[in-house]
Amino acid sequence: MKKWLDQQPATLIPPILRTALLVLFVLGAMLTAGILVLRSQVRERTAQLQRLNRLYATLSQCNQAIVRCNNQSELLERICRDVVGAGEIKMIWIGMIDDATRTLTPVAAAGDGIAYLQDLRIALDGDGPTSRGPSGIAISEDRPYWCQDFSTDPATLPWQETGKRFGWQASAALPLHLAGQVIGVMNLYADRPGAFDDAAQSLMHEMAQDIDHALERFRLDQVREQMADTLQESEEKYRELTETINDVIWTLDPVTLRFLYVSPSVERLRGYTPEEIMAEPMDAALTPDSAAKVRALLDAHLVDFEAGRRTPEDHTLTEVEQPRRDGSTVWTEVMTNMVRNRRTGRIEIHGVTRDISERKRAEARIEHLAHFDQLTGLPNRSQLKDRFQFALNLEQRRDGRLATLFIDLDHFKDINDSLGHDIGDRLLIDVAHRLTSILRAGDTLSRLGGDEFILLLPDIDADGAARVASKLLEHVAQPLLIDQHELVVTPSIGIAMYPEDGHDMDTLMRNADAAMYQVKRDSRNGFRFFTREMQAHSVRTLTLANALRTAQERGQLSLMYQPQLCLHTDQVIGAEALLRWHHPQLGMVPPAEFIPIAESTGLIVDIGHWVMCEAAAQASRWRRDGLPPLSIAVNLSAVQFRNPRLSDRVAQVLDEAGLPAEALELELTEATTMEDPQKAVLIIDQLSARGVAMSIDDFGTGHSSLSYLKRFRVGRLKIDRSFVRDITEDAEDKAIVAAIIQLANNLGMTTIAEGVETAGQLDFLREQGCDAAQGYFFSRPLSASDFERYLSATLMR
Ligand SMILES: Nc1nc2c(ncn2[C@@H]2O[C@H](COP(=O)(O)O[C@H]3[C@@H](O)[C@H](n4cnc5c(=O)[nH]c(N)nc54)O[C@@H]3COP(=O)(O)O)[C@@H](O)[C@H]2O)c(=O)[nH]1
């Protein structure tokens with residue numbers, strides 16, 4: 001311009017104009033340059049604004065995604081798509097930390113270069129270049145890492161090649177959080193260096209925070225879902241439980257006494273549906289008295305609960321008999337506690353009701369078992385004790401009298417043994433009915449066990465007691481028909497009177513027992529009153545009976561052997577085994593005293609068996625030791641004889657001892673065989689069929705029936721000592737002994753005389769043709785070793 005003005009004539013353009021034109025020109029140029037700068041700035045500003053707008057749009061889209069998406073992976077995918085779709089960001093990926101491996105793994109990505117992420121795992125711990133990359137720094141330092149120049153930033157070194165390939169010029173790594181902890185990172189890549197200016201950083205930061213909130217929401221949703229699931233599950237379990245268990249679970253309002261909930265099992269328990277139960281107040285089914293009690297109890301509990309003296313941990317357990325729809329009742333156990341409903345704030349009673357009828361029945365049964373005899377239903381000893389005490393107190397107060405009758409059935413054991421326990425039991429039941437049928441209301445009949453009964457007659461004198469006893473004897477003795485068996489059973493009754501014979505139950509029972517025992521010794525089937533003489537006897541009997549129970553196991557029993565000699569050869573042909581009992585305190589107890597006790601207590605069964613075993617074993621030993629073959633005689637008690645398995649037991653004893661049957665002789669008293677001769681014939685037949693020798697002991701004392709004697713397959717008769725004693729002087733004894741010997745001869749039996757003490761007695765016996773003898777004249781009963789010596793001495797003669 002200046003050049004052009006200089007070429008123009010001054011006339012054409014005067015200097016002033018020239019200056020003005022120059023100024024104008026400069027101003028114009030300046031204006032143009034300003035306009036150009038301004039236009040470039042406007043363009044840049046516009047571009048920046050557009051970028052910001054795109055980022056805002058991205059943020060807004062992200063927020064929409066956050067609202068719409070329901071889970072983490074959907075949200076992250078969507079954010080990645082939206083961010084890249086807005087055009088400002090070339091690539092984005094979001095990685096999550098795997099706590100177990102401490103690596104960062106991509107979970108969502110979009111844009112150019114995502115293929116590179118395929119197997120990407122960034123180790124977070126250690127000093128490797130990857131752990132110190134933008135993601136590693138963002139995570140470890142919990143801050144965004146802005147990389148404005150991707151190609152030169154030392155942190156991006158391992159990925160700069162990749163960045164060049166995909167055109168990444170700048171990047172950002174922003175940590176993501178859950179519950180305040182860094183859980184991942186969002187990586188963004190831009191195609192422009194310095195792309196993440198302040199405005200972009202602020203937006204990205206906001207986006208990361210929004211994502212954090214969304215992740216937190218998902219977590220809470222998840223927790224809520226889990227809680228809902230758990231709640232549903234536990235509700236289902238609770239429902240299942242309440243519907244299937246037999247216990248009834250319920251909730252009650254203690255103020256209105258209305259049930260708020262009752263489980264369905266109530267229908268099984270009481271026959272009413274839960275709805276029916278809930279329709280009525282709780283106390284509707286109770287009696288006014290019980291209802292008042294329940295109400296008072298609840299009120300007291302409520303007061304205590306409000307005052308903090310009662311807590312939900314305080315449970316109350318009560319037993320309640322509840323009505324059922326069918327009119328019956330059911331015993332229940334109710335466990336309750338008071339709680340405050342957290343939702344409503346009201347106090348409730350929570351309860352569990354359990355059916356305990358089975359337990360109640362068992363308790364009642366145990367109670368019954370404890371007081372009543374199971375077979376007959378009569379009171380047992382424990383119940384008798386109570387009634388006795390009551391009756392005694394009464395009689396003491398009114399100065400009255402009371403009778404105790406001890407009733408024992410005669411030969412009941414025989415019935416039991418021969419017909420079986422079932423028949424025996426039924427017999428006891430029938431007898432119990434018979435006895436009861438003639439008693440007054442205040443009398444007590446009790447069964448002690450076995451065939452022993454105690455009858456307690458209050459307010460009665462001796463005459464009255466005797467009348468009752470007679471009536472009982474008569475009544476019980478009537479034949480009984482059990483199955484096809486017609487049975488006659490008689491009782492033996494002993495009577496003790498209060499106050500004469502005792503002031504307490506034990507004494508009166510013991511004395512009545514002693515009197516009963518006397519009846520047994522006499523004739524059975526009768527009654528006797530207790531006397532003072534019986535007392536001494538009964539005490540001794542009781543002592544002996546107790547001591548006898550353990551005599552065998554304590555080695556107090558032993559056998560003595562009394563030689564038996566043949567009167568034709570004068571040789572020892574056998575021995576009678578005689579039982580001895582030596583008690584450390586009582587001394588030698590005579591068999592005549594303890595054998596009856598052993599019989600009446602039943603101990604004779606075991607003791608007699610022991611005697612047989614011992615005697616058979618001794619005889620066997622003698623045979624093995626080369627002694628002449630002797631016969632061993634063993635006394636058999638009537639009780640043993642009645643045992644239906646006697647012949648088997650004898651065979652077993654012989655077997656075990658290895659003794660031939662003919663070496664054993666069983667001595668039965670005449671009285672035993674005559675108790676039931678028909679049966680005796682059978683038993684003797686069984687034994688002799690096994691080859692066992694038999695003899696009848698004490699012959700002449702038991703009124704033998706000759707017709708039966710003929711049928712007894714016994715080998716010899718043993719002449720009782722009482723006839724032998726006076727045989728030399730007493731003509732009658734002489735005649736009896738002679739007759740017995742003759743009778744035996746006629747029946748094909750031999751005879752043995754016992755109790756021979758003198759030569760005169762022996763001479764007479766020899767004259768009469770008696771075959772054998774035993775007695776002090778020859779020898780007293782000897783121990784086994786003395787017997788061996790005695791035998792050797794006789795053999796030497
Ligand atoms: N069931 C069982 N009864 C048994 C057993 N052991 C013995 N007894 C019976 O006890 C009664 C008494 O017996 P014991 O005191 O042994 O008396 C016997 C002899 O010692 C005695 N005896 C023998 N010789 C004489 C004599 O010359 N004079 C005399 N005064 N007494 C004598 O006689 C008894 C033997 O009697 P018996 O059995 O009838 O032959 C007695 O009834 C025994 O039976 C046993 O194990 N079981």
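Of the residues in segment 735-743, not one is in the same structural domain as residue 700 (by TED's automatic domain parsing), outside any helix (DSSP H, G or I), more than 16 Å from the ligand (Cβ to nearest atom) and surrounded by fewer than 18 Cβ atoms within 10 Å (Cβ to Cβ). Quick one: in segment 555-581, of everything that is within 13 Å of the ligand (Cβ to nearest atom) and under 51 Å from the mean Cα position of the chain (by Cα), which residue is surrounded by the fewest Cβ atoms within 10 Å (Cβ to Cβ)? Among them, the one singled out is 558. The residue pairs whose first member lies in segment 367-379 and is assigned by TED's automatic domain parsing to the domain that holds residue 447, whose second member is acidic (Asp, Glu) and not in a helix (DSSP H, G or I), and whose beta carbons are closer than 9 Å, counting only pairs six or more residues apart or on different chains, are 379/373. Among the residues of segment 166-192, the one identified as under 60 Å from the mean Cα position of the chain (by Cα) and under 15 Å from residue 109 (Cβ atoms) is 184. Close Cβ contacts (under 7 Å, 6 or more residues apart or on different chains) running from residues in segment 747-764 that are more than 12 Å from residue 695 (Cβ to Cβ) to residues that are assigned to a loop (DSSP other than H, G, I, E, B) and among the aliphatic types (A, V, I, L, M) comprise 761/727; 762/756; 764/727.
What number of residues within segment 399-431 satisfy the criterion of being farther than 21 Å from residue 640 by Cα, surrounded by fewer than 19 Cβ atoms within 10 Å (Cβ to Cβ) and in contact (Cβ under 8 Å) with a residue 24 or more places away in the chain? Number of matching residues: 6. Taking the conditions exactly as written (away from the ligand (no atom under 16 Å from the Cβ), modelled with pLDDT of 95 or more, closer than 23 Å to residue 578 by Cβ and not assigned by TED's automatic domain parsing to the domain that holds residue 411), does residue 666 satisfy them or not? In short, no. Pairs linking a residue in segment 568-579 that is over 14 Å from residue 622 (Cα atoms) to a residue that is hydrophobic (A, V, I, L, M, F, W, C) and surrounded by fewer than 19 Cβ atoms within 10 Å (Cβ to Cβ), with Cβ atoms under 6 Å and 6 or more positions apart or on different chains, are 578/560.
Of the residues making up segment 751-765, those that are over 18 Å from residue 667 (Cβ atoms) and crowded, with 16+ Cβ neighbours inside 10 Å are 761, 762, 764, 765. Scanning segment 754-797 for residues that are within 16 Å of the ligand (Cβ to nearest atom), farther than 23 Å from residue 581 by Cβ and aliphatic (A, V, I, L, M) gives 756, 759, 762, 765, 772, 773.
On the stretch given as segment 588-607, residues that are surrounded by fewer than 14 Cβ atoms within 10 Å (Cβ to Cβ), over 15 Å from residue 550 (Cα atoms) and more than 11 Å from the ligand (Cβ to nearest atom) total 0.
Got at least one residue in segment 608-618 being within 24 Å of residue 683 (Cα to Cα), away from the ligand (no atom under 12 Å from the Cβ), touching a strand residue (DSSP E or B) at 6+ places or on another chain (Cβ under 9 Å) and at pLDDT 95 or above? Yes, because at least one residue in segment 608-618 is within 24 Å of residue 683 (Cα to Cα), away from the ligand (no atom under 12 Å from the Cβ), touching a strand residue (DSSP E or B) at 6+ places or on another chain (Cβ under 9 Å) and at pLDDT 95 or above. Restricting attention to segment 712-734, and to residues there that are surrounded by fewer than 16 Cβ atoms within 10 Å (Cβ to Cβ) and not in a loop (DSSP other than H, G, I, E, B), which single residue is farthest from the chain's Cα centre (by Cα)? Checking each candidate, the answer is 731. A search for C-beta distances below 7 Å between a residue of segment 633-662 that is closer than 24 Å to residue 601 by Cβ and touching a residue at least 60 places away in the same chain (Cβ under 8 Å) and any residue that is hydrophobic (A, V, I, L, M, F, W, C) and within 16 Å of the ligand (Cβ to nearest atom), counting only pairs 6+ apart in sequence or on different chains, returns 639/604; 639/605; 643/605. Scanning segment 107-139 for residues that are surrounded by 13 or more Cβ atoms within 10 Å (Cβ to Cβ) and without any contact (Cβ under 8 Å) to a residue 12 or more places away in the chain returns 128, 131.
With touching a helix residue (DSSP H, G or I) at 6+ places or on another chain (Cβ under 9 Å), surrounded by fewer than 18 Cβ atoms within 10 Å (Cβ to Cβ) and at positive phi as the only criterion, which of 769, 748 stands out? Checking each option against the conditions leaves just 769.
The values are calculated or read from the model by the stated rules, or taken from the named source; none is laboratory data. Quick caveat: nothing in here was measured; it's all calculated off a predicted structure. Note that we place each Cβ from the backbone using ideal geometry, even for glycine, and neighbour counts take in every protein chain shown.
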